[in-house]
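Structure, as structure tokens:
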Amino acid sequence: MIKVNRLNGKELVINCELIETIEATPDTVITLTNGKKIVVKEGVDILIDLTIEYKRKIMGYCEKTKG
């Protein structure tokens, strides 16, 4: 899950596993696998960084529980 901000400033938490595409059009539009579109303040590169950070946390947690 990653925290993003809608254009109106309202915080939203989305499941980054459901992100299909991220487009800069010039607003940043996240399209989920169910077709829903979310327009956010964060840029494409920031969203990529947030997703990578989330996945690293999850992988680190999985490795700790295995060993």
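Please treat every number below as a calculation from the coordinates, not as lab data. Computed from a predicted model, the values in this text were never measured in an experiment. For neighbour counting, all protein chains shown are included, and Cβ atoms are generated from backbone atoms with ideal geometry for every residue, glycine included.
Can you check what the net charge comes to around ASN34, using other residues whose Cβ is under 15 Å from the Cβ of ASN34 (Lys, Arg +1; Asp, Glu -1)?
Neighbour charge sum, excluding ASN34 itself: 0.
For the chain, modelled as a GNM with alpha-carbon contacts under 10 angstrom, which of VAL39, VAL29, VAL13 fluctuates the most?
VAL13
In which sequence would THR25, THR51 go, from the one with the fewest C-beta neighbours within 10 Å to the one with the most? Intermediate values should be presented prior to the final figure.
Details: THR25 7, THR51 15.
With the fewest neighbours first, THR25, THR51 line up as THR25, THR51.
For the chain, what class follows from the C-alpha gyration tensor (a ≥ b ≥ c being the square roots of its eigenvalues): rounded when a/c is under 1.5, otherwise prolate if a/b is larger than b/c, else oblate?
prolate
Using the number of other C-beta atoms within 10 angstrom as an exposure proxy, rank LYS41, LYS10 with the fewest first. Intermediate values should be presented prior to the final figure.
On the way: LYS41 13, LYS10 8.
Fewest-to-most ranking of LYS41, LYS10: LYS10, LYS41.
Which angle between 0 and 90 degrees, to the nearest 10, do you get for helix 44-66 versus the longest principal axis of the chain when only C-alpha atoms count?
Orientation of helix 44-66: about 20 degrees from the principal axis.
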